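The values are calculated or read from the model by the stated rules, or taken from the named source; none is laboratory data. Note that the coordinates shown come from a computational prediction; the quantities given were computed from them, not determined experimentally. Glycine also receives a Cβ, built like all others from the backbone with ideal geometry; neighbour counts cover every protein chain displayed. Just the protein is used for accessible areas: all its heavy atoms, side chains included, with ligands, DNA and RNA removed. Shrake-Rupley method; radii C 1.70, N 1.55, O 1.52, S 1.80 Å.
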Amino acid sequence: MESLWNDQEAAAFGTDPLGQRVYSSRLLGQHADLVLHGGGNTSVKAEEKDFFGEPVSLCYVKGSGWDLATIERAGFAPVKMEALMKMAALETMTDADMVTQLRAAMTDPAAPTPSIEAILHGVIPFAFVDHSHANAISALTCHADGADRVQQCFGSRVLVVPYVMPGFILAQTIWEMIKDRDLRAEGIEGLVLLKHGLFTFADDAKTSYEKHIELVTLAEKFLAEQSGGASPVEAVAEENLLELAQLRRAVAGLRGTPVIAKLDASAAAVGYANLPGVADFGTRGPLTPDHSIRTKRAPAVIEGDDIDGSLSRYAAAYAAYFDRHQKGETMLDAAPRFVIWPRRGLVSLGGTVAEADIVADIAQHTAATVQLAEAAGGWEPLPEQDIFDIEYWELEQAKLRKGPARKVHQGKVALVTGCAAGIGFAIAESLAEQGAQVVGLDIDKEIPEIMSRIGGIGIVVNLTEDEPVQQAIDFTVRRFGGIDIVVSNAGIFPKNEFLGEMTQSDWDRTIAINLTSHQKLMNKVVPFVKLGIEPSIIFVGSRNFKAPGPGAAAYSCSKAALTQLCRVAALELAPHKVRVNVVHPDAVFDTKLWTPEALQRSADRYGMTVEEYKTKNLMKVEIKSKDIGNMVAAMAGPLFAKVTGAQIPVDGGNDRVI
Ligand code: ZN
């Protein structure tokens, strides 16, 4: 591991203690082998003047909810040293009292709540303190002779701290160890917390950071020697996307909410999943207690082809683990957060894409570190009880509860066709606003950029071609684990196509896009939708189906046939609990196609004003793209949970339709 320190960059952050603290915290955050997603914490002590001009000793501690890699000055909470030292000397203190007193001791009430390790940072008698959960420290200390190995690796440069619960008890334990010693005189450079992580410290930012890098590098070398230079095993994945969708749905069932499943089929992930004995050492425990909040104590392992059975056994084992250790807490859901799947790789599961991605990073580091630790003498992480105490720790549970309220389509995956503009875009946007991960297919080259505006993924596809459509579906399942909502919308509207004048190629093209491409999409996507979560297919028809006009035979016929396709699909898919409905919108005018000039021309043709033309329905209301978008999002949701085969007009009322 190399130091990333650069004097010029460091100076740009400001030469004051907090500026240097921000810079070196970000450096620490850049090493994924040291800290992942909010893990680790840092601090700096400074002598300042308070609001009234009185001198005050402060400890700026990383705020909870901030990530070291991107932290700013505002991410550090200024806590009075006097209060930290008083707290360290207490006999006992509850977690809730600790948080209250830490907040009360801040000189800025608007600052974030300081890390739960604030007291520990305070008692270490150096200006800069750096703490990480380095992979190499886990692999070194998660071992029966962890303390001996630390001595062999670092000699007397560090103090060894046996595992105790993080927070007040850890701070108190360390304060007892160091209060009567002179760490400077003894040349102590760090603390190794067995089965937890590493602290280094110094009076300047660079030394504290570089000691961290140096000690972790020593641990890496030690492990390389112990393991005989073993490198991770690699293997090629055997892909089965239908089984992936099946696994995702089974996990969602255990969790009680839809989940995103991220497949890691890299050579390293498959190599790990294929290791003989992985079901044993791969489920002994997390790298550091903190991870259990995101990953639970252990992943699930799929045995052979028995996906549902393996997951049920995992859930039963989780309930038994809860029963063994609970002291009146409420059990969390029994679904795994990641899955070791021989031949396939690792699958990470989250309520959102962001959550699944974070779990995937942790799973990847866990696989590499556990494998190394096994090769270097045996992986022996914390016992169950200690992990349980963290997993069900009130303070940690509070962190998870802080997230925003659930959206109606959160965790669901929606495939929308023809969504570069107009109704299609409005549908994609409404689904995304309500929490769905949208994948949009369109022939428009701009579709990737257009979908990225709503947090979706756009794929350029000609929907009349088979192979690209299959590839787009496979990509979606590989990336998110399945497909729950399909909105089959792509269509064209050729104008002024009277029967005696239209060309055969115009008819053929309209039928190919407005009808046959939908049938082809169904052919490829239905096997996945059958394995979806609260699955729903919505076709975008047209008011023209029931109220056709002259000069649009191909369009009207294609929409009529599409409606019949919807009805057949509803009949076929009802036994699989897949709902299939069609929305019949009237024309919408709030799209780029309808320039003021085009609107005026059309209005003139009917002898109407533009306003009359836009509202020519019984209710005299203008139908907007977003009206259709919101209707489709509703049809995909719980309001329509028991509706299939329905045709929903969104047209302001039309006497010919009614
Ligand atoms: Zn820690």
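Pull out the extension gain between TYR606 and GLN471, defined as 0.36 nm times the separation in residues minus the alpha carbon to alpha carbon distance; nm, one decimal. Show your work: numbers first, answer last.
On the way: separation 135, 0.36 × 135 = 48.60 nm, distance 4.53 nm.
Net length gain for the segment: 44.1 nm.
For region 498-555, what does the alpha-carbon gyration tensor say about shape, rounded, prolate or oblate, given a ≥ b ≥ c as the root eigenvalues, a/c under 1.5 as rounded, and a/b over b/c as prolate?
Values: a/c = 6.99, a/b = 2.06, b/c = 3.39.
Taking the square roots of the gyration eigenvalues as a ≥ b ≥ c, region 498-555 is oblate.
Per residue, how big is the convex hull around the C-alpha atoms of region 186-298? Give it to me in cubic angstrom, could you? Write out the running numbers ahead of the final one.
Details: hull volume 19.4 nm³, N = 113.
Here the figure is 172 Å³ per residue.
For the chain, list log₁₀ I(q)/I(0) at each q in 0.05, 0.07 Å⁻¹, using the Debye formula over Cα point scatterers of equal strength and ignoring solvent, two decimals each.
Cα-only, vacuum Debye calculation for the chain: -0.32, -0.58.
From the helices alone, meaning DSSP H stretches of at least four residues, give me the mean residue ellipticity at 222 nm for the chain, per-run term -39500 (n - 2.57), in deg cm²/dmol to the nearest 500. Provide the component values of the computation, followed by the final result.
On the way: 27 runs with 286 residues, N = 658.
Counting only the DSSP helices, I get -13000 deg cm²/dmol.
With Rg and the Kirkwood Rh both taken from Cα atoms, where does Rg over Rh land for region 139-240? Can you show the working numbers first?
Numbers: Rg = 16.7 Å, Rh = 15.4 Å.
Looking at region 139-240, the ratio lands at 1.08.
Can you give me the distance in nm between label points at LYS616 and ASP280, each placed 7 Å from the Cα along the Cα-to-Cβ direction?
About 7.9 nm, to one decimal.
Per the 1.4 Å probe, what fraction of the accessible area of the chain, in percent, lies on carbon and sulfur atoms?
Details: 14840 of 27510 Å².
Looking at the chain in its full context, I get 54 percent from C and S.
Give the shape of region 542-627 as rounded, prolate or oblate, defined through the alpha-carbon gyration tensor: a ≥ b ≥ c are the square roots of its eigenvalues, a/c under 1.5 means rounded, and otherwise the shape is prolate if a/b is larger than b/c and oblate if not.
Values: a/c = 2.90, a/b = 2.14, b/c = 1.36.
In terms of gyration-tensor shape, prolate.
So how tilted is helix 353-375 from the main axis of the chain? Cα-based, degrees 0 to 90, rounded to 10.
In the chain, helix 353-375 runs at an angle near 40 degrees to the longest axis.
Compute the separation of the alpha-carbon centres of region 474-505 and region 616-635 and state it in Å as a whole number.
If you average the Cα positions of each part, the centres end up 20 Å apart.
Among 121-130, 507-516, how do they line up from the highest to the lowest mean number of other beta-carbon atoms within 10 Å?
121-130, 507-516
Could you run the Karplus curve 6.51 cos²θ - 1.76 cosθ + 1.60 with θ = phi - 60° over region 520-532 and give me ³J(HN,Hα) per residue in whole Hz, x for Gly and Pro?
Here the 3J(HN,Hα) series is 5, 4, 4, 3, 8, 8, 4, x, 7, 5, 4, 9, x Hz.
Rounded to the nearest whole Å², what accessible area per residue is found for region 7-226 with the 1.4 Å probe? Write out the running numbers ahead of the final one.
On the way: 8800 Å² over 220 residues.
In whole numbers, region 7-226 has 40 Å² accessible per residue.
log₁₀ I(q)/I(0) of region 19-73 at q = 0.20, 0.25, 0.28, 0.29 Å⁻¹, via Debye over equal Cα point scatterers, no solvent, to two decimals?
Values returned for q = 0.20, 0.25, 0.28, 0.29 Å⁻¹ are -0.69, -0.91, -1.06, -1.11.
I'd like to compare 204-212, 416-424: which one has the highest average count of other Cβ atoms within 10 Å, and what's the full order after that? Let's see the in-between values first.
Values: 204-212: 21.8, 416-424: 25.7.
In descending order of packing, they fall as 416-424, 204-212.
Please report, in Å, the Rg and the Dmax of region 250-315, where both are computed over Cα atoms only.
In Å, with Rg to one decimal and Dmax whole: 12.7, 33.
Could you work out how far apart the two model spin labels at LEU332 and LYS49 are, taking each label as a point 7 Å from the Cα in the direction of the beta carbon, and quote it in nm?
4.8 nm
With every protein chain kept in place and ligands, DNA and RNA left out, what is the accessible area per residue of region 241-400? Probe 1.4 Å, answer in Å². Display every interim value, and only then the final one.
Values: 5470 Å² over 160 residues.
I get 34 Å² per residue for region 241-400.
Highest first, please rank the peptides 161-174, 637-650, 282-295 by the mean number of other Cβ atoms sitting within 10 Å of their residues. Write down the numbers at each step before the final one.
On the way: 161-174: 19.2, 637-650: 15.3, 282-295: 23.3.
The packing order, highest mean first, is 282-295, 161-174, 637-650.
Compute the convex hull volume of the Cα atoms of region 7-226, divide it by the residue count, and report the result per residue in Å³ as a whole number.
Details: hull volume 27.2 nm³, N = 220.
Cα convex hull per residue, to the nearest whole number: 124 Å³.
Roughly what angle does helix 466-480 make with the longest principal axis of the chain, taking Cα atoms, 0 to 90 degrees, to the nearest 10?
30 degrees
Using r as the Cβ-Cβ distance of THR94 and GLU2, and R0 as 45 Å, what FRET efficiency do you calculate, to the nearest 0.05? Walk me through the numbers before you get to the answer.
On the way: r = 43 Å, r/R0 = 0.95.
The value I calculate is 0.60.
Suppose the chain between GLU239 and SER57 were pulled fully straight at 0.36 nm per residue; how much longer would it get relative to their current alpha carbon spacing? Write down the numbers at each step before the final one.
Details: separation 182, 0.36 × 182 = 65.52 nm, distance 5.88 nm.
Full extension from GLU239 to SER57 adds 59.6 nm.
Toward the positive end of the charge dipole of region 186-329, about the Cα centre and with charges on Cβ (Lys, Arg +1; Asp, Glu -1), which of ILE307, GLY328, ALA317 goes farthest?
So the residue furthest toward the plus end is GLY328.
Test of understanding: what is the full-extension gain from THR595 to SER266, defined as 0.36 nm times their sequence separation minus their Cα-Cα distance?
On the way: separation 329, 0.36 × 329 = 118.44 nm, distance 4.95 nm.
That pair, THR595 and SER266, stretches by 113.5 nm at full extension.
If I model a spin label as a point 7 Å beyond the Cα along the Cα-Cβ vector, how far apart are those points for ILE658 and ASP182 in nm?
9.5 nm
With the Cα gyration tensor of region 59-181 giving a ≥ b ≥ c as the square roots of its eigenvalues, does the rule (a/c under 1.5 for rounded; else a/b larger than b/c for prolate; else oblate) give rounded, prolate or oblate?
Values: a/c = 2.10, a/b = 1.52, b/c = 1.38.
Cα axes put region 59-181 in the prolate bin.
When all C-alpha to C-alpha distances in region 241-400 are sorted into bins of 5 Å, what percent of pairs does each bin hold, rounded to whole numbers?
Calculated over all Cα pairs of region 241-400, the distribution is 2, 9, 19, 24, 22, 15, 7, 2, 0 percent.
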